[in-house]
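Quick notes on the structure that follows.
The values are calculated or read from the model by the stated rules, or taken from the named source; none is laboratory data. Keep in mind it's a predicted model, so treat the numbers as computed, not measured. Quick reminder, even Gly has a Cβ in these numbers, built from the backbone with ideal geometry, and neighbours come from all protein chains shown. Heads up: the accessible areas ignore ligands, DNA and RNA and are worked out on the full protein's heavy atoms, side chains in. Shrake-Rupley method; radii C 1.70, N 1.55, O 1.52, S 1.80 Å.
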Amino acid sequence: MPRPHPDQRSDPARTGSLRHHSAGRLTAAPSPAPLVDRFGRVHTDLRVSLTDRCNLRCTYCMPAEGLGWLPRAEVLTDDEVVRLVRVAIQRLGITKVRLTGGEPLLRRGLPGLVARLSALDAAPELSLTTNGIGLARSAAALSEAGLNRVNLSLDTLRAERFAAITRRDRLTDVLDGLHAARAADLSPVKINAVPVRGVNDDEIADLAAFAVEHGYRMRFIESMPLDAQGAWDRDRMVTAEEILERLGERLDLVPVGRQDNAPAEEWRIAGTDAVVGVIASVTRPFCGSCDRVRLTADGQLRNCLFATEESDLRALLRGGADDAALEAAWRTSVGGKGPGHAINSPEFRRPERPMSAIGG
Ligand code: SAM
Ligand code: SF4
């Protein structure tokens, strides 16, 4: 019989999954204690950044010349990622894991990593946030490896505008990736767009219509002060209210509300099953129901996208910490989570890392 991979050797007493009893019966092991903060928010959603590198240069995200990327030795290895995700799901009650970046498709051997994550006991729902470049080639392999869903970023349907926003002429690759995700059943495939005033805000209804026509779920995201250049300007942010106004000019919207603790507020397009979402982090913050925790590509745990402090799990891992020590560090970090991001307060301080280095 093959030996289990070290990542899969778990402590049955700590997991909430089904286990084979010695007599061959399946028994449910106790669930882990919830990962709860001092405001009672239970954390079940983990975002894992697999790289800070990217092959696009979206103007609202990073400068044309890119950024000083993390040295390879500082980036978590696949073994380290799998170990931390195992601790998260088996000891801390994480049930959803989203792989992101930077551009996660740039991570070498991604299908292999996905296969290892999806083979863990108590495997989480696994999703990917990507710009879609290269997805046409890898969607089938990712789906086969156990990836459940994809969110793909697409801010415009016009090739010239795409090149202006991302500083790369790759719209066709992205659209091919989008359709490949659907063909590989990585559904529901969601499209994320960040409207910026004077850049693509005239395409809000077109993007929604495109998504409806092809069976994708459209979501609009208010731009946030997380670009690397520090150029975010509130006046260029298109607010949820404006997004809804633009949509309402062409579509009849029926409010659906928010699913579980999801950040997107949703509307159904009357007469269809299609749903459009708006993530209004700035004008309608949802911090009170936040259930997320984030791991950067270099192994730093962040209890909030806007946190100004991180917990160094990589140092613990590489220093020989056991699972109990990793769990304790994780609980301490989440225990210290603040009530909210305070973007709208004069005391707001931008985090040192931009979105692309945190993992969006
Ligand atoms: N490269 C992948 C992508 O673009 O989907 C994953 C990483 S990217 C940082 C994740 C998401 O963050 C994308 O949907 C992107 O549009 C969004 N994003 C980047 N910078 C942003 C900003 N300043 N405000 C709001 N969203 C932003
Ligand atoms: Fe890259 Fe995503 Fe940032 Fe665009 S938003 S530059 S694709 S990390």
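Please compute the Kirkwood hydrodynamic radius of segment 126-247 from all pairs of different C-alpha atoms, in Å with one decimal.
Averaging 1/r across every pair of different Cα atoms and inverting gives 14.9 Å.
What the chain shows is 44 Å² of accessible area per residue, with the surface traced by a 1.4 Å probe over protein heavy atoms.
Counting only Cβ charges, +1 for Lys and Arg and -1 for Asp and Glu, the dipole size of segment 89-200 around its Cα centre is about 300 debye. A crude spin-label estimate for the pair ARG158 and ALA64, with each label 7 Å from Cα along the Cβ direction, gives 2.0 nm. Available extension along the chain between ALA33 and GLU74 is 11.7 nm, counting 0.36 nm per residue and deducting the alpha carbon span. Each residue was assigned an accessible area with a 1.4 Å probe, and for CYS54 the value is about 30 Å².
Shape summary: the chain maps onto an equivalent ellipsoid whose semi-axes, from the alpha-carbon gyration tensor, are 33, 23, 21 Å in decreasing order. Within segment 90-113, whose backbone N sits under 19 Å from a point 7 Å along Cα→Cβ of ASP322? Counting backbone N atoms under 19 Å from the label point, the list is 90-92. Label sites at THR95 and ARG182, each approximated as a point 7 angstrom past Cα along Cα to Cβ, lie 2.9 nm apart. To the nearest 10, the accessible area of GLU245 is 110 Å² with a 1.4 Å probe. Size descriptor for segment 237-359, Kirkwood hydrodynamic radius: 16.9 Å (Cα pairs only, one decimal).
Return, ordered by residue number, the residues of segment 44-69 whose backbone nitrogen is under 19 Å from a label point located 7 Å along Cα→Cβ of GLU125. Under cut-off, by backbone N: 44-49.
Could you work out the relative contact order of segment 36-358, using alpha carbon pairs under 8 angstrom and six or more residues apart, expressed as a whole percent? Walk me through the intermediate numbers first.
Details: 621 pairs, mean separation 66.4, N = 323.
Computed over segment 36-358, the figure is 21 percent.
Which percent of the accessible heavy-atom area of segment 36-358 goes to carbon and sulfur, probe 1.4 angstrom? Whole-percent figure for carbon plus sulfur exposure: 48.
Per-residue ellipticity at 222 nm, computed for the chain from helices alone with -39500 (n - 2.57) per DSSP H run of at least four residues, works out to -8000 deg cm²/dmol.
With the simple model of a label 7 Å out from the Cα in the direction of the Cβ, THR308 to GLN259 spans 3.6 nm.
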